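Everything below concerns the one structure shown next.
The values are calculated or read from the model by the stated rules, or taken from the named source; none is laboratory data. Since the model is a prediction, treat every value here as computed from it, not as a measurement. Neighbour counts are summed over all protein chains in view; Cβ atoms, including those assigned to glycine, are modelled from backbone coordinates with ideal geometry. Just so you know, the surface numbers come from the protein's heavy atoms only, side chains and all, with ligands and any DNA or RNA stripped out. Shrake-Rupley method; radii C 1.70, N 1.55, O 1.52, S 1.80 Å.
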Amino acid sequence: MSQALAPLYAQHIISLRQRADKALTLGGFDHLLIAASMPLRKFLDDQDYVFVANPHFRHWLPLTDAPGSWVVYTPGGKPKLIFVQPHDYWHVVPAAPSGYWVDQFDITTVRTNAEAVALLPQGRRAVIAPECPSIEGVEANNPPAVVNYLHWHRSYKTPYELELMREANRIGARAHRAAEQAFRAGESEFGIQLAYLAAAGQTEAELPYSNIVCLNEHGAVLHYTHFDRTPPQQHRSFLIDAGASKSGYASDITRTHASAGHQEFQALIDSVERAQQGFAAKVQAGQSYSELHIHAHHTLAEVLREHGLIRMSAESAVQSGVSSAFFPHGLGHPIGLQVHDVAGFQVDESGGFIARPEGHPYLRMTRVLEPGMVVTIEPGLYFIDMLLESLRAQPVSNDIDWNKVAALRPYGGIRIEDDVACTDGAPENLTRNAFAALS
């Protein structure tokens, strides 16, 4: 894969340099300094939390474990990497830079963070780094004019980035297949998680987010990360929301399965699956993501009606908030260097905020889709006690079949999620293509 990535990466760096040139001009700066950042120390301890490199740093190069290092770019010059490789016998020292990307940088290796800071250029500097932990000898300013411009253009993935995201989906699909097999074999949530990690070849810390592995009614907890160690007496349903990483880029995949013999819940899964594929097909240039989210509510309300859970029109279900009780989160979000990637609400290169539709506070993107964007499409239907109980005291309660709700409550919920790239033509479903390649 490395040989194929080399020319894509060269073009990627050209794009990043052009964007940086414009961003620095807008902000009135001479240099762009991007910190890999440092691990955050645990309170009252001498150990650190797991290190996660600054996404701006990872945008320039595929180094995910280089704490203390810096990318330095001055318009007209070659990008520089100040690489910290400490003398250390307590921890594994980061390997010397190598691979398809090194020719694009002037690389200087130092032994300490202080040495790295001493090599940073002076003058008008845009310093992109977290404020905590602070970096001794340099102050992060994260100038809005620069950051907003870079975030806006991070929405448009280069061919290099898309290839890494395809690979992240291939890893995730392989691990999802192993997780399903573990579910079918009667494993606990913890056992399923171990099967996933083994198939992905990644530790929990290397995954882009904490896996959600739910058996039965646990699927009603949207961010369930508990991992029961003991299998339930009966495996009725399995919801897994789990991704993988490739050189700092994420995949985010969700699947829901029913045990054999649970036909009613399987039929509901099949209906959500068809709806989800219809939404994914609409990931096309010019499509408002907010409008697609509202369309999803109407479609899922129709699914509820067809399966006898509600006795009202789809329009009434959406207007009354009934659909939101069964589908309480957003349709999806931008994805890339971060699982919930940046600029999902930006008006333009200079910033701004496009408001969410009224009554939909958890939607994570409101922009119009354009070629190069990658978004998740993750509709769901859930049986969440606290949300459904709020409907019981309302007049709409009479239009809900509570016996059917009670029958499906032990299954928790359904969510199906793909990562989909918007193109100049038909969308590219990175996730479905990855699963198809396994067949």
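Based on protein heavy atoms only, the chain ends up with 44 Å² per residue of surface accessible to a 1.4 Å probe. Per residue, the convex hull around the alpha carbon atoms of the chain comes to 160 Å³. For the chain, the 222 nm mean residue ellipticity estimated from helices alone, with every DSSP H stretch of n ≥ 4 adding -39500 (n - 2.57) and the total spread over all residues, rounds to -11500 deg cm²/dmol. Here the extension length gained between R432 and E370 equals 20.3 nm, from 0.36 nm per residue of separation less the Cα-Cα distance. Seen from R432, the other residues with C-beta closer than 10 Å to its C-beta sum to a net charge of -3, counting Lys and Arg as +1 and Asp and Glu as -1.
Among E161, E139, E204, the sequence by solvent-accessible area, most first, with a 1.4 Å probe is E139, E204, E161.
Taking 11 Å as the cut-off, no amide N atom of segment 357-389 comes nearer than this to a point 7 Å along the Cα-to-beta-carbon line of E315.
Between the C-alpha center of segment 330-389 and that of segment 1-30 there is a gap of 27 Å. Annotation note: chymotrypsin sites (Phe, Trp or Tyr not before Pro) in segment 324-413 located in DSSP loop regions with a Cβ neighbour count of at most 13 within 10 Å are F353, Y362. Per residue, the convex hull around the alpha carbon atoms of segment 208-350 comes to 148 Å³.
To the nearest 0.05, how large is the calculated FRET efficiency for D88 and D270 if R₀ is 56 Å and r is the Cβ-Cβ distance? Given R0 = 56 Å and the Cβ-Cβ separation, E is 0.55.
For segment 35-91, the share of accessible area belonging to carbon and sulfur comes to 56 percent (1.4 Å probe, ligands and nucleic acids excluded).
The trypsin sites (Lys or Arg not before Pro) of segment 204-293 that DSSP puts in a loop, and whose beta carbon has at most 12 other beta carbons within 10 Å, are R229.
Share of carbon and sulfur in the accessible area of segment 331-389 stands at 56%, probe radius 1.4 Å. Within the shell of other residues whose beta carbon sits under 9 angstrom from the beta carbon of H218, the net charge comes to -3, with Lys and Arg scored +1 and Asp and Glu -1. Taking other residues whose beta carbon is less than 13 angstrom from the beta carbon of R229, and scoring Lys, Arg as +1 and Asp, Glu as -1, yields -3.
In a simple Cβ point-charge model (Lys, Arg +1; Asp, Glu -1; nothing else charged), the chain has a dipole of about 400 debye relative to its Cα centre. Paramagnetic label reach from Q47 (point 7 Å along Cα→Cβ; backbone nitrogen cut-off under 19 Å): within segment 76-119, residues 89-93. Between Q18, S397, H226, the Cα set farthest toward the positive side of the dipole of the chain (charges on each charged residue's Cβ, about the Cα centre) is that of Q18. The share of accessible area on segment 170-309 that comes from carbon and sulfur is 48 percent, using a 1.4 angstrom probe. Against the criterion of solvent-accessible heavy-atom surface with a 1.4 angstrom probe, E315, E217 sort, most first, into E315, E217.
In a Debye calculation with equal point scatterers on the alpha-carbon sites of segment 157-240 and no solvent, what is log10 I(q)/I(0) at q = 0.18, 0.20, 0.24 Å⁻¹? Taken in order of the listed q values, log10 I(q)/I(0) reads -0.74, -0.88, -1.15. Judged by the ratio a/c of the largest to the smallest principal axis of the C-alpha gyration tensor, segment 1-150 counts as oblate, that ratio being 1.5 or greater while a/b is no larger than b/c.
Using a probe of 1.4 Å on the protein chains alone, the accessible area found for W60 is around 10 Å². Per-residue 3J(HN,Hα) values for segment 97-111, derived from phi via the Karplus relation 6.51 cos²θ - 1.76 cosθ + 1.60 with θ = phi - 60°, read x, 7, x, 5, 9, 5, 5, 7, 10, 8, 10, 10, 9, 10, 9 Hz in sequence order (x marks Gly and Pro). Computing FRET efficiency as 1/(1 + (r/R0)^6) for T108 and E131, where r is the C-beta to C-beta distance and R0 is 22 Å, gives about 0.30. Per-residue extension of 0.36 nm, minus the Cα-Cα distance of A285 and A260, leaves a gain of 5.0 nm for this segment. Computed over the chain with a Gaussian network model linking Cα atoms closer than 10 Å, the most mobile of F83, F43, F183 is F43. Every Cα-Cα pair in segment 10-54 was counted, and those over 18 Å apart are 54% of them. Whole-Hz Karplus values for segment 379-393 come out as x, x, 9, 9, 10, 9, 3, 5, 6, 5, 5, 5, 7, 5, 8 Hz, taken residue by residue from phi with 6.51 cos²θ - 1.76 cosθ + 1.60 and θ = phi - 60°; glycine and proline positions read x. Its convex hull of Cα atoms gives segment 49-126 a direction-averaged projected area, equal to a quarter of the hull surface, of 5.9 nm². Note on segment 369-439: Cα-only Rg and Dmax are 18.3, 49 Å.
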